[in-house]
1. Can you tell which of 25, 72, 111, 84 is under 16 Å from residue 131 (Cβ atoms) and either in a loop (DSSP other than H, G, I, E, B) or in contact (Cβ under 8 Å) with a residue 24 or more places away in the chain (or both)?
2. Quick check: is even one residue across the stretch 210-230 closer than 23 Å to residue 124 by Cβ and in contact with a Ser or Thr (Cβ under 6 Å, 6 or more places away or on another chain)?
3. For the stretch 235-248, give me each residue that is touching a Phe, Trp or Tyr at 6+ places or on another chain (Cβ under 7 Å) and open to solvent by 50 Å² or more (accessible area, probe 1.4 Å).
4. Look at residue 209 and say whether it is surrounded by 21 or more Cβ atoms within 10 Å (Cβ to Cβ), among the small types (Gly, Ala, Ser) and in contact (Cβ under 8 Å) with a residue 12 or more places away in the chain.
5. Taking the stretch 178-201, which residues are open to solvent by 40 Å² or more (accessible area, probe 1.4 Å) and in contact with a Gly (Cβ under 9 Å, 6 or more places away or on another chain)?
6. Filtering the stretch 158-177 down to residues that are out of contact with any Pro (no Cβ under 6 Å at 6 or more places or on another chain) and aliphatic (A, V, I, L, M), which residue is most open to solvent (accessible area, probe 1.4 Å)?
7. Name the pairs: first residue in the stretch 229-254 and more than 16 Å from residue 111 (Cβ to Cβ), second residue open to solvent by 50 Å² or more (accessible area, probe 1.4 Å) and of a type outside the set (Gly, Ala, Ser), Cβ to Cβ under 7 Å, at least 6 apart or on different chains?
8. For residues in the stretch 116-152 being assigned to a helix (DSSP H, G or I) and either of a type in the set (Ser, Thr, Tyr) or open to solvent by 60 Å² or more (accessible area, probe 1.4 Å) (or both), which is nearest to residue 220 (Cα to Cα)?
Amino acid sequence: MVELETVELRVDGLRLTGALFVPPGPGPHPGLIICHGLPQGAPPANGDSGYPGLAQRFCGGGFAVLIFNFRGTGESQGNFDILGWARDLECATDYLWDRQDVDWMRVYVLGSSAGGAVALYGASWDRRLAGVVAWAAPARWDVLVNPQAFLQHARSIGIVRDANFPTSVAQWAYSFEEVTPERWVKRIAPRPILIVHGDADDVVAPEQARKLYEVAGEPKELFILPGVGHRLRLEEQAVAKSLGWLRSQAKLEA
């Protein structure tokens, strides 16, 4: 029976909320951190169990799965800041590495959309992450085209909460240039990367997945889903492919 634990992470003086799903058995289990993207506002509906349901699925595949809300989202404190999200991921990695029931040699990260970009950036610097699955991740950001408009969007969806944040819009926007995945993805090799994208994605163009694949070092795999849009956690093909790939990398029995 899956064991569920409430998790509280502390980073930059902020409290982040999360949950850990632990498979049965003594372990140590391979670990998986799941990184969400920008919220779309509406709660899960129409059978969508959200990220807890996704965590249950991967936990059933043998992984100790950590989900958490990045700063500025859900019940976590703070304001959306992309470099801050990268530090949040580092803190999540610290948490799994400190657990005796998690095999620190087999800690992976799966990120969706903006969370996928953060996962790629984080893995390029943090070699504790043994491999990356990137779902619908951008190779580069559009924020610098109109930073004020993007900041207003972030306020409208409730991830920038404080009126005096950021102190510098230019510096806040420029941080996205630092966390541009196509600049860093090649540093992940020789750890493996799986890039998954829908060819009908109208949020992040499929060409960005192909760019990431082109720049990345080996071993790498690109999995394009025909007729599929942006929300890959709702797509059985994306979930099954990713779980099978992760189980193979973690050398779990078939």
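1. Among 25, 72, 111, 84, only 111 is under 16 Å from residue 131 (Cβ atoms) and either in a loop (DSSP other than H, G, I, E, B) or in contact (Cβ under 8 Å) with a residue 24 or more places away in the chain (or both).
2. The answer is no, given that none of the residues of the stretch 210-230 is closer than 23 Å to residue 124 by Cβ and in contact with a Ser or Thr (Cβ under 6 Å, 6 or more places away or on another chain).
3. Listed by number, the list holds a single entry, 241.
4. Yes; evaluated as a whole, the condition is true for this residue.
5. Within the stretch 178-201, 186, 187, 190, 199, 200 meet the criteria.
6. Taking the stretch 158-177 and keeping what is out of contact with any Pro (no Cβ under 6 Å at 6 or more places or on another chain), we get 158-168, 170-171, 174-177.
Those still in the list that are aliphatic (A, V, I, L, M) too: 159-160, 163, 170.
Working: 159: 3, 160: 8, 163: 98, 170: 76 Å².
Among those residues, the one meeting the criterion is 163.
7. 229/202; 250/106
8. Taking the stretch 116-152 as the starting set, the residues that turn out to be assigned to a helix (DSSP H, G or I) are 116-125, 143-145, 147-152.
Among the residues that remain, those that are also either of a type in the set (Ser, Thr, Tyr) or open to solvent by 60 Å² or more (accessible area, probe 1.4 Å) (or both) are: 121, 124-125, 144-145, 148, 152.
Numbers: 121: 16, 124: 14, 125: 18, 144: 29, 145: 30, 148: 36, 152: 36 Å.
Among those residues, the one meeting the criterion is 124.
The values are calculated or read from the model by the stated rules, or taken from the named source; none is laboratory data. Predicted, not measured: the structure shown is a model, and the values here were computed from it. With ideal geometry, Cβ positions are generated from the backbone for all residues, glycine too; neighbour counts draw on all protein chains shown. For the accessible areas, the whole protein counts, side chains as well, though only heavy atoms, and no ligand, DNA or RNA atoms are used. Shrake-Rupley method; radii C 1.70, N 1.55, O 1.52, S 1.80 Å.
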